[in-house]
Amino acid sequence: MKTKLVKNLMIPLSEYATVSEDVTLSEAVAALKQSHVEFDQSKHRHRAIYVFNKDQEIVGKVDLWGILKSLEPKYEDMLSDTGPLHSGFTRKYQKAIIDSFNLWQDPLDQICEKASKIQVKAFMHKPKESELIDPDASLGEAIHQLVLGHHQSLLVTEKNKAIGVLRLTDAYEFVCDAILACKL
């Protein structure tokens, strides 16, 4: 069987929602919504916005979690750089934390008003080396990176320049289609 390469499954960066690092959260959300309208509807919607600097280089990513987290700054008091301090909290304990930190206590319109003031560069996720992959890497290597890193996507780079995005959902769909095509 011929090896499937990342470049055959990636979405070109030109088809992805991108914004400048100087835009506000509201502008970034608008760009993501617009990408849902423009993107091929036979595929899954994008769940992230890639951020570029003045040199048009990708320097960050804003995903759905980042958007929601940015609206409630108190999350920074509870979360480490790698995510929740402990993800096995019971629902009762999570509720106590919410109450203790007064999370999402303001009316939604006040919380969302922050979106017009927060710049994307203040909360964007800067891709780590483990989130980058070469377009000629095999699908197996990509799946390995996605699973071990618990990533929703990998930034496809060639000669240190971002050229596309390999999403977990696209790798998953390809593998599922292969499974269903096999006749046992």
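The values are calculated or read from the model by the stated rules, or taken from the named source; none is laboratory data. Bear in mind the structure is a predicted one, so any value in this text is a computation, not a measurement. Neighbour counts run over all protein chains shown; Cβ positions are idealised from the backbone, glycine included.
When the range 105-133 is filtered for residues that are in contact with a helix residue (DSSP H, G or I) (Cβ under 7 Å, 6 or more places away or on another chain) and either more than 23 Å from HIS44 (Cα to Cα) or not hydrophobic (A, V, I, L, M, F, W, C) (or both), the ones remaining, listed by number, are ALA115, SER116, ILE118, VAL120, PHE123, HIS125, SER130, GLU131.
Among the conditions (1) exposed (fewer than 14 other Cβ atoms within 10 Å of the Cβ); (2) part of a loop (DSSP other than H, G, I, E, B); (3) at pLDDT 90 or above, the only one that GLY140 does not satisfy is (2). Evaluate the range 153-176: report whether one residue or more is in a loop (DSSP other than H, G, I, E, B), of a type outside the set (Asp, Glu), surrounded by 12 or more Cβ atoms within 10 Å (Cβ to Cβ) and touching a residue at least 12 places away in the same chain (Cβ under 8 Å). No, that holds for no residue.
So which residues in the range 29-56 are at pLDDT 90 or above, over 13 Å from the mean Cα position of the chain (by Cα) and among the small types (Gly, Ala, Ser), if there are any at all? Within the range 29-56, ALA30, ALA31 meet the criteria.
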